[in-house]
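So the structure is just underneath, and the comments pick up after that.
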Amino acid sequence: MKLSLDRTPSCHTLGSPEPSGALLRVALVGSPNVGKSALFNRLTGRYVTVSNYPGTSVEITRGTGRLGGCHVEVLDTPGMYSLTSASEEQRVVRRFLLDGGADVLVQVMDAKNVSRMLALTLQLVELGRPLVIAVNMMDEAARLGIRLDAAGLSRRLGVAVVPMVAVDGVGVEELRDAILRASREPAPLPPIYGNGVGSAIRAVRAALGGTYAVDPTALAALLIQGDADALTRIRTGERDGGERALTVSREHLSRFAEAPAYRVAVERQQAASALAAGVVTQQEATRLDWGARLGRLVARPVTGVPVLLLVVYLGLYQFVGQFGGGTLVDWLEGPLFGERINPFFGRLFAGIPWEAVRSLFVGEYGLLTLGVRYAVAIILPIVGTFFLFFSLLEDSGYFPRLALLVDRLFKRLGLSGRAVIPIVLGFACDTMATMVTRTLETKRERVLATLLLALAIPCSAQLGVILALMAHQPLALGIWSLSVLGTFVVIGALGARVLPGEGPVFHMELPPLRWPRVGNVVTKTVARMQWYFLEVLPLFLLASVFLWAGQLTGAFQAVANGLKPLVGALGLPVETARIFLFGFFRRDYGAAGLFDLERQGLLSPIQLTVAAVTLTLFIPCIAQFLMMLKERGVKTALAMLAFITPFAFGAGYLLNLVLRRVL
Amino acid sequence: MSEGTRRTMVCGFCAREFVEDKAQTACGACVLNGGCRWLRCPHCGYENPEPPRWMHNLMSLVQPVLARRPHG
């Protein structure tokens, strides 16, 4: 990215609002997390250009838009607290500002913390560049009882102050107008400092005769704070190498009792606080808004656990299990596939004289009658409802609170609340979640999370199918839930004791709880469904081909026969052997097979419970196992496999014994 | 100097904004890098589904209508 000063005149300098084709350059600056990027999107669009600042690895995001008749380039700079900050990102922004890299500066500030942010404002004012203050998050400030006299602040600073809510687009048009107006004249410099610092800055400023991209006052203020970059600029910019300015600076600094940088910072903050005191009023918050109240309720154990159970009951059991797995699957399986699509395919392929070829498409394991039917009629409505429910929770801001809620429990399992991210994602896809475990802090946490994902976290389709299967058998569902949850807790706690290492620490800034937005929820649901369908359909078809080939060659029957003693020991009918074979290809394929079997009336409630528990705990699908190999290494992944397989069948065996005695 | 056009998005978990490019940097170690339909948030590591382009185009038509409705 080229950031030089010798540019073609921008339309504001031409004094005409007509389109000139020249670029007005607007830079958004401000502290981190004040909504700069949200405002950036409003001023430009979703498509942006990202480039490194010359000579650094710091990224500057830029986009283009129009203000009035002007083309503008908008730059979203990394967050900064002060012009004297030390990090590389903040030094880059400071360099950019001192180079006069923007025609107009827009300082974005958080309306909830105006006093803290005005200190940077005063430094920006010193630059003498056109400046506009965008006070963002006015809605959140209002809910906290904070009121801002924007007109008063504007009068005191001599620059436009625009209250706004960037995410909703409130105030964006006013900001556009203010930017255009500001581009015509630089901000005036109000008195900021007391006599000591103020006179030092004025004296050094008077000693500077060079030409600079910004008002020399900013350089003078930085120089007396001992800023090396300002010193270099002054040495380069002055004919005498800055000697006169340095002498004046030393004279004044010798009169300071404290370190000059500290003194300047204190006086600047005092000026900022005085400014804020005149324009910000804090009213007694008479009541917390619904978001804050609900946010507290869902994160506290006493109220959060019942809320979690309610969410699971309404969202997973009623919506995904009953509606998705019941109503929708019934319709797709029966009237659509059973009565129309499958008979149509049957007639279509009836002309093929070779049974082996015909059965590849429309046989017991046919591509169309099994692969497509499983993917479209059973899995798709279930994952569709699951992803809709998941996206609703995600967009509401519930997941970070869930992380906070389970943090204490997770610590006992050697995990932290941060592990909620892979665990929650595991309910969508365990393979992806296994990859995400690499974001956990310690190796111990990564190994434990990988093991628990492989063992006790069913993926979206598997969970949905099981919920659909058991929606009408609450006792079976309760036993399945307790078995899987119990495994998660017991194995996690044991694993935490066996594996050496420090317990992780979890800190997270909670975003506000909010109403899910229809557009976001629809987009995320459709994106997930598209991802799932594009991934699942080819694999389902491939699995059908394998099963067809296995049946044709007799290999499938031989493996199924080999598994018969095992399924017999679990008290399951011989037909379930193929379910475990299905499950090896994909968890959801196995679950869909179980669904099929139950619909044929081949499973008693006890058998259904035992099969569902065993299948959930059973070996992860091929994709997940490959990801385990990649993420945790061959030795660890094989060790997990060696543990999980006998554990799953052992748990199924024990459960069968217990249930047959008790029920 | 690397340069490219990318979309920005808001993370579904931590609600912070990031540019796709940064997500890809965070995904650098993955064999599917650039080939999957997920964007990892560089701030918290959460995997966000990448909105299909056709969906984005459709929503850009619908969203102005939805945005006029009151919400909390």
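Give the distance, in whole Å, between the Cα centre of the range A:124-180 and the Cα centre of the range A:317-396.
The range A:124-180 and the range A:317-396 have Cα centres separated by 55 Å.
Would you mind telling me the share, in percent, of accessible area of chain A contributed by carbon and sulfur at probe 1.4 angstrom?
Whole-percent figure for carbon plus sulfur exposure: 62.
When the C-alpha atoms of the range A:178-277 are aligned to their principal axes, what extent does each axis show, in angstrom, from largest down?
Extents along the principal axes: 40, 32, 19 Å.
In terms of modelled amide H atoms, which long-range or inter-chain residues lie less than 5 Å from the amide H of A:ALA134?
Counting only residues 5 or more places away or on other chains, the set is A:GLN107, A:VAL108, A:MET109, A:VAL162.
Set the bar at 32 Å for Cα to Cα. Now go through A:LYS524/A:LYS564; A:LYS524/A:LYS630; A:LYS36/A:LYS524; A:LYS36/A:LYS630; A:LYS411/A:LYS564; A:LYS112/A:LYS524 and name every pair that lies beyond it.
A:LYS524/A:LYS564; A:LYS36/A:LYS630; A:LYS411/A:LYS564
Which percent of the Cα-Cα distances in the range A:91-132 go past 17 Å?
So the pairs more than 17 Å apart make up 31 percent of the total in the range A:91-132.
From the alpha carbon gyration tensor of the range A:541-663, can you work out the equivalent ellipsoid semi-axes (sqrt of 5 times each eigenvalue) and give them in Å, largest to smallest?
Working through the eigenvalues yields semi-axes of 24, 20, 12 Å.
Per the Kirkwood treatment, what hydrodynamic radius in Å, one decimal, follows for the range A:255-357 from the mean inverse distance over all distinct Cα pairs? If you can, show how the numbers build up before the last one.
Numbers: mean 1/r = 0.0460 Å⁻¹.
Hydrodynamic radius (Kirkwood, Cα pairs) of the range A:255-357 is 21.7 Å.
All other residues with a Cβ under 13 Å from the Cβ of A:THR437 taken together, and with Lys, Arg as +1 and Asp, Glu as -1, what is their net charge?
+3
Return the distance in nm (one decimal) between the two label points of a simple spin-label model at A:ALA257 and A:VAL490, each offset 7 Å from Cα along Cα→Cβ.
Here the answer is 7.0 nm between the modelled labels.
Taking the DSSP beta bridges in the protein assembly as shown as the whole, what percent of them are antiparallel, to the nearest 5? Each step should come with its number before you reach the end.
Numbers: 26 of 46 bridges.
That works out to approximately 55 percent antiparallel.
Give the interface area between chains B and A as buried accessible surface, both sides summed, probe 1.4 Å, in Å² to the nearest 100.
Working: alone 5910 and 29640 Å², together 31370 Å².
Buried surface at the B/A interface: approximately 4200 Å².
Report Rg (one decimal) and Dmax (nearest whole number) for chain A, counting Cα atoms only, units Å.
When restricted to Cα atoms, chain A yields Rg and Dmax of 32.7, 105 Å.
If you average the C-alpha positions of the range A:202-221 and of the range A:409-482 separately, how far apart do those two centres end up, in angstrom?
Taking the Cα centre of the range A:409-482 as reference, the centre of the range A:202-221 is 61 Å away.
Please identify the trypsin sites (Lys or Arg not before Pro) of the range A:182-286 that satisfy two criteria: DSSP loop assignment and at most 13 other Cβ atoms within 10 Å. Which are they?
Passing sites in the range A:182-286 are A:ARG184, A:ARG239, A:ARG255.
Hey, what angle do you get for helix A:587-599 against the long axis of chain A, alpha-carbon based, 0 to 90 degrees rounded to 10?
With rounding to tens, the tilt is 40 degrees.
Could you compute the net charge surrounding A:ALA111? Neighbours are other residues with a C-beta less than 9 Å from the C-beta of A:ALA111; K and R count +1, D and E count -1. All intermediate terms of the calculation are to be shown ahead of the outcome.
Values: positive: A:LYS112; negative: A:ASP110, A:ASP139, A:GLU140.
After counting each charged neighbour, the total is -2.
The values are calculated or read from the model by the stated rules, or taken from the named source; none is laboratory data. Just so it is clear, the structure is predicted and the values come from calculations on it, not from any experiment. Cβ: placed from backbone, ideal geometry, glycine included. Neighbour counts: every protein chain shown. Heavy atoms of the whole protein, side chains included, go into the accessibility calculation; ligands, DNA and RNA do not. Shrake-Rupley method; radii C 1.70, N 1.55, O 1.52, S 1.80 Å.
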